[in-house]
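Worksheet for the structure shown next.
The values are calculated or read from the model by the stated rules, or taken from the named source; none is laboratory data. Predicted model, so just to flag it, every value in this text is computed and none were measured. FYI the Cβ positions are ideal-geometry reconstructions off the backbone, even for glycines, and counts take in every protein chain you see.
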Amino acid sequence: MQWIKMYPSKCLRGNLHFDLPLSKRAIWYELLLMAGDLDKDGIIDYPIQFIVSQLGCLRKTLEEVLAILENTARITRNGNEIVILNWFRYQSPTTKKGVVPKQRKSQAEKARAFREEPRSDPGDGLGSVNMEGYDYTDEDIAEDKAELFRNTHPEAVEKHEAALYDNLHSE
(Lines give C-alpha, C1' and ligand atoms only; values in the text may rest on other atoms or scores of the structure.)
Protein backbone atom coordinates (compact mmCIF):
# COMPACT_ATOMS: atom_id res chain seq x y z
CA MET A 1 0.00 0.00 0.00
CA GLN A 2 1.51 3.32 -0.99
CA TRP A 3 -0.42 5.44 1.48
CA ILE A 4 -2.83 5.17 4.36
CA LYS A 5 -5.74 7.37 5.36
CA MET A 6 -5.41 9.48 8.46
CA TYR A 7 -8.36 11.51 9.69
CA PRO A 8 -7.10 14.90 10.90
CA SER A 9 -10.03 15.68 13.20
CA LYS A 10 -9.70 12.31 14.93
CA CYS A 11 -5.93 12.62 15.20
CA LEU A 12 -6.03 16.18 16.53
CA ARG A 13 -9.16 16.08 18.69
CA GLY A 14 -9.93 12.41 19.34
CA ASN A 15 -9.63 10.57 22.65
CA LEU A 16 -6.19 9.20 21.84
CA HIS A 17 -4.86 12.75 21.44
CA PHE A 18 -5.71 13.46 25.05
CA ASP A 19 -4.98 9.99 26.45
CA LEU A 20 -1.42 9.71 25.16
CA PRO A 21 1.50 12.13 25.05
CA LEU A 22 2.94 12.87 21.62
CA SER A 23 5.79 10.36 22.00
CA LYS A 24 3.33 7.52 22.59
CA ARG A 25 0.88 8.72 19.90
CA ALA A 26 3.80 8.63 17.50
CA ILE A 27 4.14 4.90 18.19
CA TRP A 28 0.47 4.39 17.17
CA TYR A 29 1.02 6.35 13.97
CA GLU A 30 4.17 4.37 13.21
CA LEU A 31 2.25 1.12 13.73
CA LEU A 32 -0.36 2.33 11.23
CA LEU A 33 2.42 3.12 8.78
CA MET A 34 3.99 -0.32 9.29
CA ALA A 35 0.63 -1.99 8.69
CA GLY A 36 0.21 -0.02 5.49
CA ASP A 37 3.73 -0.84 4.38
CA LEU A 38 3.23 -4.56 5.02
CA ASP A 39 -0.06 -4.49 3.10
CA LYS A 40 -1.49 -7.44 5.05
CA ASP A 41 -4.90 -5.95 5.82
CA GLY A 42 -3.91 -4.30 9.09
CA ILE A 43 -1.77 -7.14 10.43
CA ILE A 44 1.75 -6.50 11.67
CA ASP A 45 3.59 -9.76 12.03
CA TYR A 46 7.03 -8.44 12.91
CA PRO A 47 8.64 -9.68 16.13
CA ILE A 48 8.30 -7.15 18.98
CA GLN A 49 12.08 -6.68 19.16
CA PHE A 50 12.15 -5.72 15.46
CA ILE A 51 9.37 -3.16 16.02
CA VAL A 52 11.27 -1.75 19.01
CA SER A 53 14.40 -1.34 16.90
CA GLN A 54 12.44 0.20 14.00
CA LEU A 55 10.72 2.71 16.26
CA GLY A 56 13.78 3.46 18.37
CA CYS A 57 11.83 3.16 21.60
CA LEU A 58 12.09 1.04 24.73
CA ARG A 59 10.30 -2.29 24.75
CA LYS A 60 8.55 -1.23 27.96
CA THR A 61 7.19 1.89 26.24
CA LEU A 62 5.97 -0.12 23.25
CA GLU A 63 4.26 -2.63 25.55
CA GLU A 64 2.56 0.23 27.45
CA VAL A 65 1.25 1.74 24.22
CA LEU A 66 0.10 -1.66 22.91
CA ALA A 67 -1.79 -2.25 26.18
CA ILE A 68 -3.53 1.14 25.88
CA LEU A 69 -4.37 0.50 22.21
CA GLU A 70 -5.74 -2.92 23.14
CA ASN A 71 -7.82 -1.49 26.00
CA THR A 72 -9.26 1.19 23.71
CA ALA A 73 -10.17 -1.40 21.03
CA ARG A 74 -7.74 -0.11 18.43
CA ILE A 75 -5.70 -3.31 18.22
CA THR A 76 -5.78 -6.89 19.31
CA ARG A 77 -2.84 -9.21 19.73
CA ASN A 78 -2.83 -12.69 18.36
CA GLY A 79 0.42 -14.41 19.30
CA ASN A 80 3.18 -12.47 17.54
CA GLU A 81 0.69 -10.54 15.42
CA ILE A 82 -0.64 -7.08 16.11
CA VAL A 83 -4.01 -6.73 14.38
CA ILE A 84 -5.29 -3.22 13.81
CA LEU A 85 -9.04 -3.35 14.34
CA ASN A 86 -11.35 -1.68 11.83
CA TRP A 87 -8.54 -1.53 9.26
CA PHE A 88 -10.98 -2.02 6.39
CA ARG A 89 -13.39 0.57 7.76
CA TYR A 90 -10.76 3.29 7.73
CA GLN A 91 -8.53 2.16 4.87
CA SER A 92 -11.15 1.07 2.35
CA PRO A 93 -11.32 3.08 -0.86
CA THR A 94 -14.41 5.09 0.02
CA THR A 95 -15.34 8.74 0.03
CA LYS A 96 -16.87 10.62 2.96
CA LYS A 97 -20.29 9.55 1.70
CA GLY A 98 -19.30 5.88 1.95
CA VAL A 99 -19.26 5.35 -1.82
CA VAL A 100 -16.49 3.35 -3.43
CA PRO A 101 -15.19 5.58 -6.20
CA LYS A 102 -14.82 4.20 -9.70
CA GLN A 103 -11.30 3.82 -10.98
CA ARG A 104 -10.76 6.79 -13.24
CA LYS A 105 -8.76 6.63 -16.41
CA SER A 106 -6.09 9.24 -16.94
CA GLN A 107 -6.45 11.69 -19.81
CA ALA A 108 -3.68 9.83 -21.65
CA GLU A 109 -5.55 6.52 -21.28
CA LYS A 110 -8.79 8.11 -22.51
CA ALA A 111 -7.03 9.66 -25.51
CA ARG A 112 -5.31 6.36 -26.37
CA ALA A 113 -8.61 4.46 -26.18
CA PHE A 114 -10.28 7.06 -28.39
CA ARG A 115 -7.50 6.90 -30.99
CA GLU A 116 -7.67 3.10 -31.07
CA GLU A 117 -11.47 3.05 -31.44
CA PRO A 118 -12.57 1.78 -34.87
CA ARG A 119 -14.19 4.43 -37.06
CA SER A 120 -16.54 4.22 -40.01
CA ASP A 121 -16.94 6.75 -42.78
CA PRO A 122 -18.54 9.82 -41.18
CA GLY A 123 -19.94 10.87 -44.56
CA ASP A 124 -23.33 9.30 -43.77
CA GLY A 125 -23.83 11.65 -40.82
CA LEU A 126 -23.89 8.76 -38.36
CA GLY A 127 -20.19 8.68 -37.48
CA SER A 128 -19.31 5.27 -36.08
CA VAL A 129 -22.91 4.17 -35.46
CA ASN A 130 -23.62 0.81 -37.03
CA MET A 131 -27.27 0.57 -38.06
CA GLU A 132 -26.95 -2.98 -39.39
CA GLY A 133 -29.62 -5.28 -37.98
CA TYR A 134 -32.05 -2.48 -37.07
CA ASP A 135 -35.42 -2.41 -38.80
CA TYR A 136 -36.01 1.34 -38.67
CA THR A 137 -38.64 2.57 -41.05
CA ASP A 138 -38.98 6.14 -42.26
CA GLU A 139 -41.97 6.41 -39.94
CA ASP A 140 -39.81 5.38 -36.93
CA ILE A 141 -37.20 7.96 -37.85
CA ALA A 142 -39.86 10.69 -38.21
CA GLU A 143 -41.29 9.69 -34.82
CA ASP A 144 -37.83 9.85 -33.20
CA LYS A 145 -37.21 13.29 -34.71
CA ALA A 146 -40.59 14.53 -33.47
CA GLU A 147 -39.87 13.22 -29.96
CA LEU A 148 -36.44 14.85 -29.99
CA PHE A 149 -38.02 18.14 -31.07
CA ARG A 150 -40.68 17.90 -28.35
CA ASN A 151 -37.99 17.27 -25.72
CA THR A 152 -35.71 20.08 -26.85
CA HIS A 153 -38.33 22.72 -27.81
CA PRO A 154 -41.27 22.32 -25.42
CA GLU A 155 -42.36 25.96 -25.78
CA ALA A 156 -42.62 25.63 -29.59
CA VAL A 157 -44.65 22.44 -29.20
CA GLU A 158 -46.99 24.18 -26.73
CA LYS A 159 -47.45 27.10 -29.11
CA HIS A 160 -48.15 24.74 -32.03
CA GLU A 161 -50.66 22.69 -30.00
CA ALA A 162 -52.39 25.88 -28.85
CA ALA A 163 -52.71 27.04 -32.46
CA LEU A 164 -54.15 23.64 -33.47
CA TYR A 165 -56.62 23.82 -30.57
CA ASP A 166 -57.67 27.34 -31.57
CA ASN A 167 -58.15 26.25 -35.21
CA LEU A 168 -60.28 23.26 -34.18
CA HIS A 169 -62.51 25.30 -31.90
CA SER A 170 -62.82 28.37 -34.12
CA GLU A 171 -64.69 26.45 -36.84
Restricting region 121-171 to residues that are of a type in the set (Asp, Glu) and in a loop (DSSP other than H, G, I, E, B), the residue that is modelled with the lowest pLDDT: ASP121
Residues that are closer than 24 Å to SER9 by Cβ and surrounded by 16 or more Cβ atoms within 10 Å (Cβ to Cβ), drawn from region 78-95: ILE84, TRP87, TYR90, GLN91
Scan of region 38-83 for residues that are under 20 Å from ASP19 (Cα atoms) and of a type in the set (Lys, Arg), ordered by number: ARG59, LYS60, ARG74
Qualifying helices (runs of 4 or more DSSP H) (wholly inside region 1-77; at least 2 residues being touching a His at 6+ places or on another chain (Cβ under 9 Å) and surrounded by 12 or more Cβ atoms within 10 Å (Cβ to Cβ)): 8-13
